[in-house]
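Heads up, the thing below is written out as structure tokens.
Derivation of every value follows stated rules applied to the coordinates shown; laboratory data play no part. Note that the structure is a prediction, hence the values are computed from the model and not measured. Don't worry about glycine lacking a Cβ; one is built from the backbone with ideal geometry, like all the others, and counts go over all protein chains shown.
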């Protein structure tokens with residue numbers, strides 16, 4: 001893998017760490033994350049990603065237009081691709097994602113792939129909820145997941161909960 005560059009962007013949910021190379025975003029971490037020792041701080045290389053995240057949090061952007069290179073298995077990639085089809089301000093379930101990728105019995109595996117998403121927010125894993133309509137695990141914590149869903153619903157003029 002090419003050398004990893006990183007920067008931070010301040011958001012209402014804390015400082016988010018964006019990691020990538022000169023061509024694509026490879027990972028996003030929530031508040032409190034530290035870069036790996038061999039990464040290089042390089043805000044200019046990741047300026048567009050930081051700007052798009054700021055615009056998302058300001059309510060000025062609903063979709064992202066960034067080159068992404070999440071690392072994962074073929075199955076994980078299929079789940080992450082399906083996640084990107086969930087409209088802003090809406091939610092879906094793990095079982096719906098499993099059906100969408102043609103693996104209706106793989107609900108738990110979809111949940112695991114969702115949890116392994118290395119580029120949260122941009123690949124909107126926060127939009128996946130439990131079959132009962134309740135919030136389920138999230139790498140940034142359930143309060144952050146609720147904040148993201150409420151933020152999108154409010155701006156989209158919807159009520160999710």
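Computed quantities for the displayed model
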| item | result |
| --- | --- |
| Residues that are crowded, with 16+ Cβ neighbours inside 10 Å and touching a residue at least 24 places away in the same chain (Cβ under 8 Å), drawn from the stretch 89-100 | 89, 91, 92, 93, 94, 95, 97 |
| When residues of the stretch 29-46 are limited to those that are over 18 Å from the mean Cα position of the chain (by Cα) and part of a helix (DSSP H, G or I), the one surrounded by the most Cβ atoms within 10 Å (Cβ to Cβ) | 45 |
| Meets criteria (buried (at least 18 other Cβ atoms within 10 Å of the Cβ) and within 13 Å of the chain's Cα centre (by Cα)) for residue 26 | yes |
| Residue 62 in contact (Cβ under 8 Å) with a residue 40 or more places away in the chain, assigned to a loop (DSSP other than H, G, I, E, B) and within 20 Å of residue 148 (Cα to Cα) | yes |
| Selected residue (criterion: surrounded by the most Cβ atoms within 10 Å (Cβ to Cβ)) from residues of the stretch 125-156 that are part of a loop (DSSP other than H, G, I, E, B) and in contact (Cβ under 8 Å) with a residue 60 or more places away in the chain | 140 |
| Options 86, 97; residue that is in a loop (DSSP other than H, G, I, E, B) and within 20 Å of residue 136 (Cβ to Cβ) | 86 |
